[in-house]
Amino acid sequence: MPFLRANQTHQADLVGPCYLKGPVRFYSLNVIDTATVRCGVYPASSKASQPLIDGFWDIWKRLGMPNNLQVDNAPSFFGSRKHPRGMGSLIRLCLNHDIEPWFIPKAEPWRNGMIEQFNDRYQKMFLQKKIMHTGEELQAGSLAFEQRHNSKYRFSRLKGKTPLKTLSEIWGVTTMYNFYHALLVKIESSPSRKLCFFI
């Protein structure tokens with residue numbers, strides 16, 4: 001699995017169902033950039049394909065689009081068990097944007113080791129610590145946790161640096177600004193963004 005450059009490879013997983021202090025049930029789409037350990041978090045109303053596609057777009061606006069996306073074999077990612085040879089919405093989304101989807105073997109979660117470690121961190125540092133009652137509080141809290149993780153947490157694999165500090169050293173401030181500006185223009189103007197939602 002290549003992870004030498006920022007956004008070369010993302011690992012993604014779906015956590016849930018999770019519950020707030022009340023009747024609100026949700027799933028969390030979690031994404032990790034394997035080179036910089038930046039995370040993206042998106043609370044989805046269900047594990048159906050449409051909320052997940054919305055989630056990937058939302059996260060890619062902040063992280064950038066990867067060259068490769070590695071996920072497990074959950075039906076939410078690959079499509080329908082009834083039609084295993086068909087392409088699900090996520091596969092079509094990836095292929096429409098030159099992203100190579102990778103599916104790890106069944107029952108081998110360690111192959112997605114970085115996102116599995118992040119899921120544990122997400123549970124301990126966010127879900128078990130924050131008291132939330134509404135979807136609005138969950139959305140705001142998820143973004144706050146993502147920002148805190150990327151700007152405050154330090155990791156040994158990054159030589160004690162934060163994910164955003166690592167990214168800034170790789171690209172430089174000017175390159176980062178130009179990248180995010182170009183990314184937002186690409187995503188907002190992409191015709192396949194709307195088309196892939198309904199495939």
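Read-outs: derived from the displayed coordinates by stated rules, not from any lab. As the structure is a computational prediction, the values presented were derived from the model and not from experiment. Using ideal geometry, Cβ is built from the backbone for each residue, glycine included, and neighbour counts are taken over all protein chains shown.
Things worth noting here:
- Criterion applied to Val31, Val15 was being under 25 Å from Ala107 (Cβ atoms), in contact with a Cys (Cβ under 8 Å, 6 or more places away or on another chain) and surrounded by 15 or more Cβ atoms within 10 Å (Cβ to Cβ), and the one residue passing it is Val31.
- Subset of the stretch 143-159 (residues that are without any contact (Cβ under 8 Å) to a residue 60 or more places away in the chain and in contact with a strand residue (DSSP E or B) (Cβ under 8 Å, 6 or more places away or on another chain)): Arg154
- The stretch 116-146, residues that are under 21 Å from Asn7 (Cα atoms), of a type in the set (A, V, I, L, M, F, W, C) and touching a Cys at 6+ places or on another chain (Cβ under 9 Å): Phe118, Phe145
- The set of residues in the stretch 115-163 being of a type in the set (Val, Ile, Thr) and either assigned to a helix (DSSP H, G or I) or exposed (fewer than 14 other Cβ atoms within 10 Å of the Cβ) (or both) consists of Ile115, Ile131, Thr134.
- Leading residue by the ranking (surrounded by the fewest Cβ atoms within 10 Å (Cβ to Cβ)) among those in the stretch 86-114 that are of a type in the set (Gly, Ala, Ser) and part of a helix (DSSP H, G or I): Gly113
- Residues of the stretch 31-58 satisfying the condition of being aliphatic (A, V, I, L, M) and touching a Leu at 6+ places or on another chain (Cβ under 7 Å): Val31, Ala35, Val37, Ala44, Leu52, Ile53
- Against the test of being among the small types (Gly, Ala, Ser) and in contact with a Ser or Thr (Cβ under 6 Å, 6 or more places away or on another chain), the options Ser89, Ser76 yield a single qualifying residue, Ser89.
Yes/no per residue for (1) of a type in the set (Ser, Thr, Tyr); (2) within 23 Å of Leu127 (Cβ to Cβ); (3) touching a strand residue (DSSP E or B) at 6+ places or on another chain (Cβ under 7 Å); (4) surrounded by fewer than 22 Cβ atoms within 10 Å (Cβ to Cβ):
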site	(1), (2), (3), (4)
Thr36	yes, no, no, no
Tyr42	yes, yes, yes, no
Lys47	no, yes, yes, yes
Asp54	no, yes, no, yes
Asp58	no, yes, yes, yes
Pro66	no, no, yes, no
Asn73	no, no, yes, yes
